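The values are calculated or read from the model by the stated rules, or taken from the named source; none is laboratory data. Please read these numbers as outputs of a predicted model, since none were measured by experiment. Note that we place each Cβ from the backbone using ideal geometry, even for glycine, and neighbour counts take in every protein chain shown. The area values use the complete protein model at the heavy-atom level, side chains included, leaving out ligands, DNA and RNA. Shrake-Rupley method; radii C 1.70, N 1.55, O 1.52, S 1.80 Å.
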Amino acid sequence: VLGGGYCALYACSRFRRAVRKGKIELTVVTKENFHIWHGFIGEMIAGKISPRNILTPARRVFAPAKVILGIINRIDRGKKLIHFTREVDGLPDDIEYDDLIISIGTRQNTGSFPGLEQHGYKLKEWEHCVQLRNHIPRMFELASSTSDAEERKAMLTFFIAGGGFSGTEV
């Protein structure tokens with residue numbers, strides 16, 4: 001399984017018994033050593049839950065699959081090889097496969113709003129969620145320290161691009 005998101009989670013759940021009985025080997029190649037529970041991003045950003053509460057260690061959530069931390073570089077379909085760079089030391093490596101599940105996720109469409117790519121907080125990566133979680137209270141603090149009503153209004157104006165689950169929750 002390539003990717004550490006919800007498809008990988010489902011595949012590991014679906015094949016758990018076969019892996020435990022030794023009928024198949026299952027490997028997840030993911031760049032992160034954790035899985036993000038995106039359904040709780042809104043609560044984390046609002047400060048209702050701690051940032052660590054939306055993370056689960058990859059080895060626990062994908063068990064009993066083998067977990068490889070790496071960045072996928074290339075798929076050689078002819079030789080049935082995945083070429084990747086190991087996260088631990090940056091060295092190239094590869095792994096053979098018989099069957100392949102590609103679940104490397106999606107990209108965020110930031111082109112609809114000028115400046116969003118450069119100035120927006122994206123809710124896909126954990127680090128960006130934590131940055132946004134820290135940014136919002138900071139803006140409230142800054143707004144409370146000015147007597148200029150227009151400046152305060154600007155500091156307390158937030159724009160949410162996207163009406164997906166996380167955007168709606170935020």
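Overview of results
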quantity	calculated
Cα centroid separation - the range 86-159 against the range 1-59, whole Å	20
Length-normalised contact order of the range 1-119 in % [C-alpha pairs under 8 Å, at least 6 apart]	27
Equivalent ellipsoid semi-axes, the range 117-170, via Cα gyration tensor eigenvalues times 5, rooted, Å	24, 12, 9
Normalised per residue, the volume of the convex hull around the Cα set of the range 13-103 (Å³)	119
Read-out Kirkwood radius over Cα pairs in Å, derived from the coordinates shown; its label in [x] 16.8; [y] 18.5; [z] 16.3	[y]
Antiparallel bridges, percent of DSSP beta bridges restricted to the chain (to nearest 5)	70
Accessible area in square angstrom per residue, the chain, 1.4 angstrom probe	68
The range 137-170: chymotrypsin sites (Phe, Trp or Tyr not before Pro) in DSSP coil with no more than 16 other Cβ atoms inside 10 Å	158, 159
Charge sum, other residues only, whose C-beta stays under 14 Å from residue 110's C-beta, Lys/Arg counted +1 and Asp/Glu -1	+1
Of 137, 97, 81, farthest towards positive along the dipole that unit charges on Lys, Arg, Asp, Glu beta carbons give the chain	97
22 Å Cα-Cα reach of residue 21 towards lysines, excluding residues that sit fewer than 8 places from it in its own chain	66
The range 38-77: trypsin sites (Lys or Arg not before Pro) in DSSP coil with no more than 14 other Cβ atoms inside 10 Å	48, 77
Folded to 0 to 90 degrees: helix 126-144 orientation relative to the chain principal axis, Cα	10
Net charge of neighbours whose Cβ lies under 13 Å from the Cβ of residue 131, counting Lys and Arg as +1 and Asp and Glu as -1	+2
The chain, helix-only ellipticity at 222 nm - DSSP H runs n ≥ 4, -39,500 (n - 2.57), divided by all residues, nearest 500	-9500 deg cm²/dmol
Loop-located trypsin sites (Lys or Arg not before Pro) in the range 82-145, at most 11 other Cβ atoms within 10 Å (DSSP)	107
Between helix 6-20 and the chain: long-axis angle, C-alpha atoms, 0 to 90°, nearest 10	30
With at most 13 neighbouring Cβ atoms within 10 Å, loop GluC sites (Glu not before Pro) (DSSP) excluded, longest segment of the chain	26-124
Carbon + sulfur, % of accessible area of the range 78-125 - ligands and nucleic acids excluded, 1.4 Å	49
